[in-house]
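A short worksheet on the structure shown next.
The values are calculated or read from the model by the stated rules, or taken from the named source; none is laboratory data. Keep in mind it's a predicted model, so treat the numbers as computed, not measured. All Cβ positions, glycine included, derive from the backbone under ideal geometry; neighbour counts span all protein chains shown.
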(Lines give C-alpha, C1' and ligand atoms only; values in the text may rest on other atoms or scores of the structure.)
Protein backbone atom coordinates (compact mmCIF):
# COMPACT_ATOMS: atom_id res chain seq x y z
CA UNK A 1 0.00 0.00 0.00
CA UNK A 2 1.09 3.42 -0.61
CA UNK A 3 0.69 5.58 2.34
CA UNK A 4 3.68 6.63 4.42
CA UNK A 5 5.25 8.84 7.03
CA UNK A 6 7.35 10.38 4.29
CA UNK A 7 6.92 10.87 0.58
CA UNK A 8 3.74 11.47 -1.42
CA UNK A 9 2.45 7.99 -1.96
CA UNK A 10 -0.87 7.85 -0.24
CA UNK A 11 -0.95 6.61 3.39
CA UNK A 12 0.31 8.64 6.43
CA UNK A 13 1.61 11.84 4.94
CA UNK A 14 4.89 13.67 4.50
CA UNK A 15 6.65 15.30 7.41
CA UNK A 16 9.55 17.23 6.00
CA UNK A 17 8.72 20.05 8.44
CA UNK A 18 7.80 18.56 11.83
CA UNK A 19 5.05 20.34 13.68
CA UNK A 20 5.95 22.05 16.98
CA UNK A 21 4.67 19.85 19.80
CA UNK A 22 3.22 22.81 21.73
CA UNK A 23 1.68 24.66 18.81
CA UNK A 24 -1.37 22.79 17.50
CA UNK A 25 -2.02 23.20 13.80
CA UNK A 26 -5.10 22.58 11.74
CA UNK A 27 -5.68 20.50 8.65
CA UNK A 28 -8.48 20.19 6.13
CA UNK A 29 -10.14 17.27 4.43
CA UNK A 30 -11.16 17.57 0.79
CA UNK A 31 -13.79 15.67 -1.15
CA UNK A 32 -11.82 14.29 -4.14
CA UNK A 33 -14.96 14.12 -6.25
CA UNK A 34 -15.59 17.86 -5.99
CA UNK A 35 -12.34 19.39 -4.78
CA UNK A 36 -14.26 21.16 -2.03
CA UNK A 37 -13.20 21.33 1.61
CA UNK A 38 -15.20 19.05 3.88
CA UNK A 39 -14.01 20.07 7.33
CA UNK A 40 -11.12 21.44 9.37
CA UNK A 41 -9.51 19.48 12.20
CA UNK A 42 -7.09 20.33 14.96
CA UNK A 43 -3.92 18.25 14.91
CA UNK A 44 -3.05 16.42 18.09
CA UNK A 45 0.00 17.70 19.94
CA UNK A 46 2.64 15.56 21.61
CA UNK A 47 0.86 16.25 24.88
CA UNK A 48 -2.43 15.05 23.37
CA UNK A 49 -0.81 11.82 22.21
CA UNK A 50 0.82 11.21 25.59
CA UNK A 51 -2.49 11.81 27.35
CA UNK A 52 -4.26 9.35 25.05
CA UNK A 53 -1.61 6.71 25.73
CA UNK A 54 -1.80 7.32 29.49
CA UNK A 55 -5.58 6.93 29.36
CA UNK A 56 -5.17 3.72 27.36
CA UNK A 57 -2.71 2.38 29.94
CA UNK A 58 -5.21 2.96 32.73
CA UNK A 59 -7.94 1.29 30.69
CA UNK A 60 -5.64 -1.66 30.02
CA UNK A 61 -5.42 -2.53 33.71
CA UNK A 62 -9.19 -3.02 33.79
CA UNK A 63 -9.73 -4.35 30.27
CA UNK A 64 -7.14 -7.11 30.62
CA UNK A 65 -8.92 -8.40 33.74
CA UNK A 66 -12.13 -9.08 31.84
CA UNK A 67 -12.55 -12.62 30.62
CA UNK A 68 -12.29 -13.14 26.84
CA UNK A 69 -16.01 -13.90 26.79
CA UNK A 70 -16.78 -10.53 28.38
CA UNK A 71 -14.47 -8.68 25.99
CA UNK A 72 -16.25 -10.46 23.16
CA UNK A 73 -19.53 -8.88 24.21
CA UNK A 74 -18.18 -5.40 23.47
CA UNK A 75 -16.92 -6.44 20.05
CA UNK A 76 -20.33 -7.87 19.22
CA UNK A 77 -22.03 -4.67 20.37
CA UNK A 78 -19.70 -2.62 18.17
CA UNK A 79 -20.60 -4.83 15.20
CA UNK A 80 -24.30 -4.16 15.79
CA UNK A 81 -23.62 -0.43 15.96
CA UNK A 82 -21.76 -0.50 12.64
CA UNK A 83 -24.54 -2.43 10.95
CA UNK A 84 -27.15 -0.03 12.30
CA UNK A 85 -25.17 2.97 11.00
CA UNK A 86 -23.86 1.48 7.76
CA UNK A 87 -25.41 4.07 5.41
CA UNK A 88 -24.05 7.02 7.37
CA UNK A 89 -20.62 5.45 7.78
CA UNK A 90 -20.41 4.49 4.11
CA UNK A 91 -21.25 8.04 3.09
CA UNK A 92 -18.46 9.40 5.31
CA UNK A 93 -15.95 7.03 3.69
CA UNK A 94 -17.02 7.96 0.17
CA UNK A 95 -16.97 11.70 0.78
CA UNK A 96 -13.54 11.63 2.41
CA UNK A 97 -11.64 9.41 -0.04
CA UNK A 98 -13.82 8.89 -3.11
CA UNK A 99 -14.65 5.19 -2.97
CA UNK A 100 -17.91 4.31 -4.78
CA UNK A 101 -20.74 3.99 -2.28
CA UNK A 102 -21.42 0.48 -3.59
CA UNK A 103 -18.00 -0.47 -2.15
CA UNK A 104 -18.17 1.63 1.03
CA UNK A 105 -21.29 -0.19 2.20
CA UNK A 106 -19.62 -3.62 2.01
CA UNK A 107 -16.58 -2.20 3.81
CA UNK A 108 -18.75 -1.33 6.81
CA UNK A 109 -20.38 -4.76 6.67
CA UNK A 110 -16.99 -6.45 6.54
CA UNK A 111 -15.89 -4.57 9.65
CA UNK A 112 -18.96 -5.84 11.47
CA UNK A 113 -18.24 -9.37 10.26
CA UNK A 114 -14.66 -9.24 11.56
CA UNK A 115 -15.84 -8.02 14.95
CA UNK A 116 -18.40 -10.82 15.07
CA UNK A 117 -15.78 -13.34 14.00
CA UNK A 118 -13.42 -12.43 16.83
CA UNK A 119 -16.31 -12.19 19.26
CA UNK A 120 -17.26 -15.77 18.40
CA UNK A 121 -13.83 -17.35 17.96
CA UNK A 122 -11.52 -15.11 20.00
CA UNK A 123 -12.15 -16.79 23.37
CA UNK A 124 -11.34 -20.18 21.85
CA UNK A 125 -8.18 -18.81 20.21
CA UNK A 126 -7.01 -17.68 23.65
CA UNK A 127 -7.52 -21.01 25.38
CA UNK A 128 -4.24 -22.25 26.92
CA UNK A 129 -2.51 -25.01 24.95
CA UNK A 130 -1.38 -28.02 26.96
CA UNK A 131 2.07 -29.40 26.14
CA UNK A 132 3.71 -32.53 27.51
CA UNK A 133 7.12 -31.93 29.15
CA UNK A 134 8.98 -33.26 32.18
CA UNK A 135 6.90 -30.94 34.39
CA UNK A 136 3.75 -32.00 36.18
CA UNK A 137 1.77 -29.56 34.11
CA UNK A 138 2.90 -27.55 31.08
CA UNK A 139 0.94 -25.18 28.91
CA UNK A 140 1.17 -22.06 26.74
CA UNK A 141 -0.90 -19.06 27.80
CA UNK A 142 -1.80 -16.06 25.65
CA UNK A 143 -1.79 -12.74 27.47
CA UNK A 144 -2.11 -9.09 26.36
CA UNK A 145 0.91 -6.82 25.98
CA UNK A 146 -0.49 -3.37 26.79
CA UNK A 147 -1.17 -0.28 24.69
CA UNK A 148 -0.76 -0.83 20.95
CA UNK A 149 -0.31 2.17 18.65
CA UNK A 150 -1.98 1.91 15.26
CA UNK A 151 -1.17 4.08 12.21
CA UNK A 152 -3.48 3.34 9.30
CA UNK A 153 -4.14 4.70 5.78
CA UNK A 154 -7.06 6.22 3.95
CA UNK A 155 -7.97 3.68 1.28
CA UNK A 156 -10.00 1.38 3.57
CA UNK A 157 -10.37 3.78 6.49
CA UNK A 158 -12.62 1.57 8.61
CA UNK A 159 -11.54 -1.89 7.53
CA UNK A 160 -7.81 -1.44 8.00
CA UNK A 161 -8.36 -0.19 11.52
CA UNK A 162 -10.79 -2.96 12.44
CA UNK A 163 -8.61 -5.75 11.10
CA UNK A 164 -5.99 -4.63 13.62
CA UNK A 165 -8.21 -3.40 16.45
CA UNK A 166 -10.64 -6.31 16.69
CA UNK A 167 -7.99 -8.98 17.37
CA UNK A 168 -5.85 -6.65 19.49
CA UNK A 169 -8.78 -5.76 21.74
CA UNK A 170 -9.89 -9.38 21.90
CA UNK A 171 -6.51 -10.39 23.33
CA UNK A 172 -6.95 -7.75 26.05
CA UNK A 173 -4.79 -4.94 24.68
CA UNK A 174 -5.94 -1.34 24.41
CA UNK A 175 -5.25 0.83 21.37
CA UNK A 176 -4.46 4.38 20.30
CA UNK A 177 -5.34 4.84 16.64
CA UNK A 178 -4.09 7.51 14.23
CA UNK A 179 -6.11 7.52 11.03
CA UNK A 180 -4.87 9.16 7.87
CA UNK A 181 -5.30 12.93 7.83
CA UNK A 182 -7.32 12.32 4.66
CA UNK A 183 -9.97 10.32 6.55
CA UNK A 184 -10.21 11.62 10.13
CA UNK A 185 -14.01 11.62 10.21
CA UNK A 186 -14.04 7.90 9.44
CA UNK A 187 -11.72 7.34 12.39
CA UNK A 188 -13.81 9.49 14.71
CA UNK A 189 -16.95 7.62 13.65
CA UNK A 190 -15.26 4.34 14.52
CA UNK A 191 -14.25 5.67 17.92
CA UNK A 192 -17.85 6.71 18.53
CA UNK A 193 -19.04 3.21 17.62
CA UNK A 194 -16.71 1.61 20.17
CA UNK A 195 -17.61 4.13 22.87
CA UNK A 196 -21.34 3.59 22.33
CA UNK A 197 -21.01 0.02 23.61
CA UNK A 198 -20.07 1.02 27.15
CA UNK A 199 -16.53 -0.21 26.66
CA UNK A 200 -14.06 0.96 29.31
CA UNK A 201 -13.04 4.54 28.36
CA UNK A 202 -9.58 4.55 26.81
CA UNK A 203 -9.71 1.07 25.31
CA UNK A 204 -9.97 2.63 21.84
CA UNK A 205 -8.59 6.16 21.60
CA UNK A 206 -7.83 8.31 18.58
CA UNK A 207 -5.31 11.03 17.73
CA UNK A 208 -5.43 13.18 14.61
CA UNK A 209 -2.86 14.68 12.27
CA UNK A 210 -0.26 13.71 9.73
CA UNK A 211 3.25 12.32 9.97
CA UNK A 212 4.47 14.23 13.00
CA UNK A 213 1.56 12.92 15.06
CA UNK A 214 2.42 9.40 13.91
CA UNK A 215 5.98 10.00 15.09
CA UNK A 216 4.68 11.13 18.49
CA UNK A 217 2.68 7.91 18.76
CA UNK A 218 5.62 5.72 17.79
CA UNK A 219 7.84 7.44 20.35
CA UNK A 220 5.22 7.37 23.11
CA UNK A 221 4.82 4.83 25.90
CA UNK A 222 3.15 2.25 23.68
CA UNK A 223 4.43 -1.33 23.80
CA UNK A 224 3.97 -2.07 20.09
CA UNK A 225 3.04 -0.47 16.77
CA UNK A 226 0.90 -1.67 13.88
CA UNK A 227 1.62 0.30 10.73
CA UNK A 228 0.27 0.24 7.19
CA UNK A 229 2.10 2.48 4.76
CA UNK A 230 4.85 2.89 2.19
CA UNK A 231 8.10 0.92 2.14
CA UNK A 232 10.18 3.99 2.99
CA UNK A 233 7.91 4.90 5.88
CA UNK A 234 7.96 1.30 7.03
CA UNK A 235 11.73 1.41 7.26
CA UNK A 236 11.49 4.49 9.48
CA UNK A 237 8.87 2.84 11.69
CA UNK A 238 10.97 -0.32 11.95
CA UNK A 239 14.10 1.63 12.88
CA UNK A 240 12.30 3.70 15.49
CA UNK A 241 10.37 0.86 17.09
CA UNK A 242 13.26 -1.59 17.09
CA UNK A 243 15.47 1.09 18.64
CA UNK A 244 12.95 1.21 21.47
CA UNK A 245 12.75 -2.62 21.56
CA UNK A 246 9.06 -2.50 20.64
CA UNK A 247 7.16 -5.12 18.70
CA UNK A 248 5.84 -4.01 15.31
CA UNK A 249 3.76 -5.31 12.44
CA UNK A 250 4.15 -3.68 9.03
CA UNK A 251 1.93 -3.92 5.95
CA UNK A 252 3.74 -2.06 3.21
CA UNK A 253 1.96 -2.70 -0.03
CA UNK A 254 2.08 -4.81 -3.12
CA UNK A 255 2.29 -5.16 -6.86
CA UNK A 256 0.10 -8.22 -7.14
CA UNK A 257 0.39 -10.38 -10.26
CA UNK A 258 -2.58 -12.01 -11.98
CA UNK A 259 -1.59 -15.01 -14.10
CA UNK A 260 -3.88 -16.34 -16.84
CA UNK A 261 -2.92 -19.86 -17.95
CA UNK A 262 -3.84 -21.14 -21.41
CA UNK A 263 -6.55 -23.44 -20.02
CA UNK A 264 -8.21 -20.67 -18.01
CA UNK A 265 -11.88 -19.83 -18.29
CA UNK A 266 -11.20 -16.57 -20.12
CA UNK A 267 -14.63 -15.14 -19.39
CA UNK A 268 -14.10 -15.66 -15.66
CA UNK A 269 -10.46 -14.52 -15.78
CA UNK A 270 -11.30 -11.28 -17.58
CA UNK A 271 -14.09 -10.57 -15.11
CA UNK A 272 -11.67 -11.26 -12.28
CA UNK A 273 -9.10 -8.93 -13.81
CA UNK A 274 -11.63 -6.09 -13.91
CA UNK A 275 -12.73 -6.71 -10.34
CA UNK A 276 -9.19 -7.18 -9.09
CA UNK A 277 -7.65 -4.17 -10.83
CA UNK A 278 -10.37 -1.56 -10.42
CA UNK A 279 -11.56 -2.21 -6.87
CA UNK A 280 -11.54 0.98 -4.79
CA UNK A 281 -10.71 3.01 -7.92
CA UNK A 282 -7.58 0.85 -8.25
CA UNK A 283 -6.30 2.04 -4.87
CA UNK A 284 -5.89 -1.18 -2.92
CA UNK A 285 -2.78 -2.90 -1.65
CA UNK A 286 -4.11 -6.26 -2.87
CA UNK A 287 -5.50 -4.98 -6.16
CA UNK A 288 -4.20 -6.67 -9.28
CA UNK A 289 -1.27 -4.54 -10.42
CA UNK A 290 0.40 -6.68 -13.12
CA UNK A 291 -1.40 -9.02 -15.53
CA UNK A 292 0.50 -11.88 -17.18
CA UNK A 293 -1.32 -13.83 -19.90
CA UNK A 294 -0.10 -16.89 -21.81
CA UNK A 295 0.33 -15.65 -25.39
CA UNK A 296 -1.97 -18.32 -26.81
CA UNK A 297 -5.03 -16.80 -25.09
CA UNK A 298 -3.93 -13.15 -25.02
CA UNK A 299 -6.19 -11.87 -27.81
CA UNK A 300 -9.29 -13.51 -26.37
CA UNK A 301 -8.49 -12.22 -22.89
CA UNK A 302 -7.82 -8.65 -24.08
CA UNK A 303 -11.00 -8.47 -26.13
CA UNK A 304 -13.12 -9.40 -23.11
CA UNK A 305 -11.07 -7.38 -20.63
CA UNK A 306 -11.29 -4.20 -22.71
CA UNK A 307 -15.02 -4.61 -23.34
CA UNK A 308 -15.74 -5.00 -19.62
CA UNK A 309 -13.45 -2.14 -18.66
CA UNK A 310 -15.15 0.16 -21.16
CA UNK A 311 -18.48 -0.62 -19.52
CA UNK A 312 -17.35 0.70 -16.13
CA UNK A 313 -19.18 3.87 -15.15
CA UNK A 314 -16.98 6.71 -13.90
CA UNK A 315 -18.75 9.38 -11.91
CA UNK A 316 -20.15 10.62 -8.63
CA UNK A 317 -19.05 8.06 -6.04
CA UNK A 318 -22.23 8.66 -4.02
CA UNK A 319 -24.31 7.34 -6.91
CA UNK A 320 -25.10 3.62 -6.58
CA UNK A 321 -24.53 3.29 -10.33
CA UNK A 322 -20.89 4.44 -10.21
CA UNK A 323 -18.10 1.86 -10.60
CA UNK A 324 -15.07 4.18 -10.59
CA UNK A 325 -14.75 7.29 -8.45
CA UNK A 326 -11.93 9.83 -8.14
CA UNK A 327 -8.31 9.30 -7.21
CA UNK A 328 -7.84 10.30 -3.59
CA UNK A 329 -5.93 13.52 -4.29
CA UNK A 330 -4.13 15.49 -6.97
CA UNK A 331 -0.57 14.33 -6.30
CA UNK A 332 -1.69 10.69 -6.46
CA UNK A 333 -3.36 11.33 -9.82
CA UNK A 334 -0.22 12.98 -11.18
CA UNK A 335 1.92 10.06 -10.05
CA UNK A 336 -0.39 7.58 -11.77
CA UNK A 337 -0.35 9.63 -14.97
CA UNK A 338 3.46 9.73 -14.86
CA UNK A 339 3.59 5.93 -14.58
CA UNK A 340 1.26 5.52 -17.55
CA UNK A 341 3.14 8.04 -19.70
CA UNK A 342 6.47 6.42 -18.81
CA UNK A 343 5.15 3.09 -20.09
CA UNK A 344 3.95 4.64 -23.35
CA UNK A 345 7.32 6.37 -23.88
CA UNK A 346 9.02 3.01 -23.49
CA UNK A 347 6.84 1.33 -26.10
CA UNK A 348 3.66 0.22 -24.33
CA UNK A 349 0.46 0.36 -26.35
CA UNK A 350 -2.32 2.45 -24.85
CA UNK A 351 -5.44 0.40 -25.53
CA UNK A 352 -7.81 2.40 -23.36
CA UNK A 353 -7.84 5.55 -21.24
CA UNK A 354 -4.50 7.01 -20.23
CA UNK A 355 -5.64 10.49 -19.31
CA UNK A 356 -7.25 12.65 -16.70
CA UNK A 357 -10.95 13.15 -17.29
CA UNK A 358 -12.09 16.70 -17.99
CA UNK A 359 -14.47 17.12 -15.12
CA UNK A 360 -14.53 18.48 -11.60
CA UNK A 361 -12.55 16.33 -9.16
CA UNK A 362 -9.49 14.11 -9.53
CA UNK A 363 -10.84 11.52 -11.98
CA UNK A 364 -8.66 9.32 -14.18
CA UNK A 365 -9.93 7.24 -17.08
CA UNK A 366 -9.80 3.44 -16.65
CA UNK A 367 -6.63 2.51 -18.51
CA UNK A 368 -5.28 -0.61 -20.19
CA UNK A 369 -1.70 -0.91 -21.44
CA UNK A 370 -0.31 -3.77 -23.53
CA UNK A 371 3.18 -4.60 -24.80
CA UNK A 372 4.49 -3.73 -21.36
CA UNK A 373 7.91 -4.83 -20.11
CA UNK A 374 9.28 -5.56 -16.61
CA UNK A 375 11.51 -2.46 -16.70
CA UNK A 376 8.64 0.01 -16.92
CA UNK A 377 7.75 1.95 -13.78
CA UNK A 378 4.18 0.72 -13.93
CA UNK A 379 5.49 -2.86 -13.62
CA UNK A 380 8.06 -2.10 -10.94
CA UNK A 381 6.31 0.37 -8.64
CA UNK A 382 3.10 -0.02 -6.75
CA UNK A 383 0.39 1.54 -8.90
CA UNK A 384 -2.49 3.21 -7.08
CA UNK A 385 -5.22 3.99 -9.57
CA UNK A 386 -7.29 2.50 -12.43
CA UNK A 387 -4.44 1.48 -14.74
CA UNK A 388 -3.87 -2.12 -15.84
CA UNK A 389 -0.61 -3.20 -17.53
CA UNK A 390 -0.90 -6.47 -19.47
CA UNK A 391 2.08 -8.53 -20.56
CA UNK A 392 2.19 -11.61 -22.79
CA UNK A 393 4.28 -14.57 -21.59
CA UNK A 394 5.38 -17.76 -23.32
CA UNK A 395 4.44 -20.23 -20.62
CA UNK A 396 3.80 -20.66 -16.92
CA UNK A 397 7.52 -20.73 -16.13
CA UNK A 398 7.98 -17.24 -17.55
CA UNK A 399 4.82 -16.08 -15.79
CA UNK A 400 6.16 -17.29 -12.44
CA UNK A 401 9.58 -15.75 -13.04
CA UNK A 402 8.14 -12.35 -13.94
CA UNK A 403 5.56 -12.46 -11.16
CA UNK A 404 8.40 -12.94 -8.68
CA UNK A 405 10.46 -10.16 -10.25
CA UNK A 406 9.29 -7.56 -7.78
CA UNK A 407 10.32 -6.03 -4.49
CA UNK A 408 6.81 -6.81 -3.27
CA UNK A 409 5.16 -10.07 -2.29
CA UNK A 410 1.70 -9.43 -0.91
CA UNK A 411 -0.98 -11.15 -3.00
CA UNK A 412 -1.38 -12.99 -6.30
CA UNK A 413 -4.03 -14.81 -8.31
CA UNK A 414 -3.79 -17.65 -10.82
CA UNK A 415 -6.49 -18.62 -13.30
CA UNK A 416 -6.77 -22.09 -14.87
CA UNK A 417 -9.34 -24.89 -15.20
CA UNK A 418 -6.78 -27.53 -14.19
CA UNK A 419 -6.88 -26.48 -10.56
CA UNK A 420 -4.03 -28.77 -9.49
CA UNK A 421 -1.77 -27.22 -12.08
CA UNK A 422 -2.93 -23.73 -11.13
CA UNK A 423 -2.29 -24.56 -7.48
CA UNK A 424 1.24 -25.67 -8.36
CA UNK A 425 1.83 -22.32 -10.07
CA UNK A 426 0.33 -20.53 -7.07
CA UNK A 427 2.75 -22.29 -4.73
CA UNK A 428 5.67 -21.07 -6.86
CA UNK A 429 4.63 -17.42 -6.63
CA UNK A 430 6.37 -15.66 -3.75
CA UNK A 431 3.59 -13.91 -1.84
CA UNK A 432 1.82 -13.86 1.49
CA UNK A 433 -1.53 -14.84 0.01
CA UNK A 434 -2.62 -16.29 -3.30
CA UNK A 435 -5.98 -17.20 -4.80
CA UNK A 436 -6.80 -19.62 -7.60
CA UNK A 437 -9.71 -18.68 -9.87
CA UNK A 438 -10.85 -15.72 -7.81
CA UNK A 439 -9.68 -12.26 -6.82
CA UNK A 440 -7.47 -11.70 -3.79
CA UNK A 441 -9.32 -10.49 -0.71
CA UNK A 442 -8.57 -10.19 2.98
CA UNK A 443 -10.60 -12.48 5.22
CA UNK A 444 -10.74 -12.51 9.03
CA UNK A 445 -10.50 -16.30 8.92
CA UNK A 446 -7.16 -16.26 7.09
CA UNK A 447 -3.83 -14.56 7.91
CA UNK A 448 -3.03 -11.44 5.90
CA UNK A 449 0.45 -10.14 5.18
CA UNK A 450 3.33 -10.30 2.75
CA UNK A 451 6.93 -11.22 2.15
CA UNK A 452 9.93 -9.18 1.02
CA UNK A 453 9.09 -5.46 1.03
CA UNK A 454 5.38 -6.06 1.46
CA UNK A 455 5.74 -6.20 5.20
CA UNK A 456 6.57 -8.00 8.41
CA UNK A 457 4.11 -9.99 10.48
CA UNK A 458 0.48 -10.92 9.93
CA UNK A 459 -2.96 -9.48 10.49
CA UNK A 460 -6.28 -11.33 10.84
CA UNK A 461 -7.05 -14.93 11.84
CA UNK A 462 -5.59 -16.41 15.01
CA UNK A 463 -2.11 -15.68 13.67
CA UNK A 464 -2.82 -11.96 13.46
CA UNK A 465 -4.36 -11.93 16.92
CA UNK A 466 -1.30 -13.53 18.49
CA UNK A 467 1.04 -10.93 16.93
CA UNK A 468 0.16 -8.72 19.89
CA UNK A 469 0.01 -11.38 22.58
CA UNK A 470 2.56 -12.48 25.14
CA UNK A 471 2.92 -16.17 24.29
CA UNK A 472 3.86 -17.37 27.74
CA UNK A 473 5.30 -20.80 28.54
CA UNK A 474 4.22 -22.10 31.96
CA UNK A 475 5.56 -25.25 33.64
CA UNK A 476 4.44 -26.49 37.07
CA UNK A 477 6.45 -28.98 39.15
CA UNK A 478 5.09 -30.71 42.22
CA UNK A 479 8.68 -31.43 43.22
CA UNK A 480 11.76 -29.48 42.20
CA UNK A 481 14.10 -31.40 39.85
CA UNK A 482 17.09 -29.15 40.60
CA UNK A 483 19.01 -32.01 42.17
CA UNK A 484 19.69 -33.15 38.63
CA UNK A 485 22.04 -31.53 36.14
CA UNK A 486 20.37 -29.16 33.71
CA UNK A 487 21.21 -27.13 30.63
CA UNK A 488 19.84 -23.63 29.97
Go through the residues of the range 374-394 one by one and say whether even a single one is surrounded by fewer than 23 Cβ atoms within 10 Å (Cβ to Cβ) and under 22 Å from residue 35 (Cβ atoms).
no
For the range 451-465, name all the residues that are assigned to a loop (DSSP other than H, G, I, E, B) and under 18 Å from residue 247 (Cβ atoms).
457, 458, 460
Has the range 450-462 got at least one residue that is within 17 Å of residue 272 (Cα to Cα) and touching a helix residue (DSSP H, G or I) at 6+ places or on another chain (Cβ under 8 Å)?
no
The residue from 326, 320 that alone is in a loop (DSSP other than H, G, I, E, B), at pLDDT 95 or above and surrounded by 18 or more Cβ atoms within 10 Å (Cβ to Cβ) is 326
Please indicate, with yes or no, whether at least one residue in the range 472-483 is surrounded by 20 or more Cβ atoms within 10 Å (Cβ to Cβ) and either touching a residue at least 12 places away in the same chain (Cβ under 8 Å) or assigned to a loop (DSSP other than H, G, I, E, B) (or both).
no
If residue 66 satisfies all but one of (1) under 24 Å from residue 336 (Cβ atoms); (2) part of a loop (DSSP other than H, G, I, E, B); (3) modelled with pLDDT of 95 or more, what's the number of the condition it fails?
(1)
Only one of 224, 233, 268 that is within 22 Å of residue 177 (Cβ to Cβ) and modelled with pLDDT of 95 or more:
224
Test residue 127 against the stated conditions and say whether it is over 28 Å from residue 47 (Cβ atoms), assigned to a loop (DSSP other than H, G, I, E, B) and in contact with a helix residue (DSSP H, G or I) (Cβ under 8 Å, 6 or more places away or on another chain).
no
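Here is a yes/no grid of residues against (1) under 18 Å from the mean Cα position of the chain (by Cα); (2) part of a loop (DSSP other than H, G, I, E, B); (3) modelled with pLDDT of 95 or more:
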position	(1), (2), (3)
405	no, yes, yes
424	no, no, yes
431	yes, yes, yes
439	yes, yes, yes
446	yes, yes, yes
485	no, yes, no
Working only within the range 49-89, note down all residues that are within 30 Å of residue 330 (Cα to Cα) and crowded, with 23+ Cβ neighbours inside 10 Å.
49, 89
Do we find a residue being touching a residue at least 40 places away in the same chain (Cβ under 8 Å) and either surrounded by fewer than 20 Cβ atoms within 10 Å (Cβ to Cβ) or within 16 Å of residue 166 (Cα to Cα) (or both) anywhere in the range 229-237?
yes
Count - residues of the range 340-388 that are farther than 26 Å from residue 263 by Cβ, in contact with a helix residue (DSSP H, G or I) (Cβ under 8 Å, 6 or more places away or on another chain) and not in a loop (DSSP other than H, G, I, E, B)
11
In this structure, does residue 391 turn out to be outside the structural domain of residue 356 (by TED's automatic domain parsing), in contact with a helix residue (DSSP H, G or I) (Cβ under 8 Å, 6 or more places away or on another chain) and at pLDDT 95 or above?
no
Restricting to the range 1-29, name every residue that is at pLDDT 55 or above and within 20 Å of residue 229 (Cβ to Cβ).
27, 29
Tell me which residues, restricted to the range 130-155, are within 30 Å of residue 190 (Cα to Cα) and part of a loop (DSSP other than H, G, I, E, B).
145, 146, 152, 153, 154, 155
Residue by residue through the range 52-99, note down the ones that are touching a strand residue (DSSP E or B) at 6+ places or on another chain (Cβ under 7 Å) and under 24 Å from residue 30 (Cβ atoms).
95, 96
Going by the conditions given, is residue 165 surrounded by fewer than 24 Cβ atoms within 10 Å (Cβ to Cβ), within 14 Å of residue 147 (Cα to Cα) and in contact with a strand residue (DSSP E or B) (Cβ under 9 Å, 6 or more places away or on another chain)?
no
Residue that is surrounded by the most Cβ atoms within 10 Å (Cβ to Cβ) [pool: residues in the range 92-112 that are more than 22 Å from residue 441 (Cβ to Cβ) and in contact with a helix residue (DSSP H, G or I) (Cβ under 7 Å, 6 or more places away or on another chain)]
96
Only one of these is on the phi > 0 side of the Ramachandran plot and assigned by TED's automatic domain parsing to the domain that holds residue 51: 146, 122. Name it.
146
Single match in 76, 28, 87, 61 (criterion: part of a helix (DSSP H, G or I) and under 30 Å from residue 327 (Cβ atoms))
87
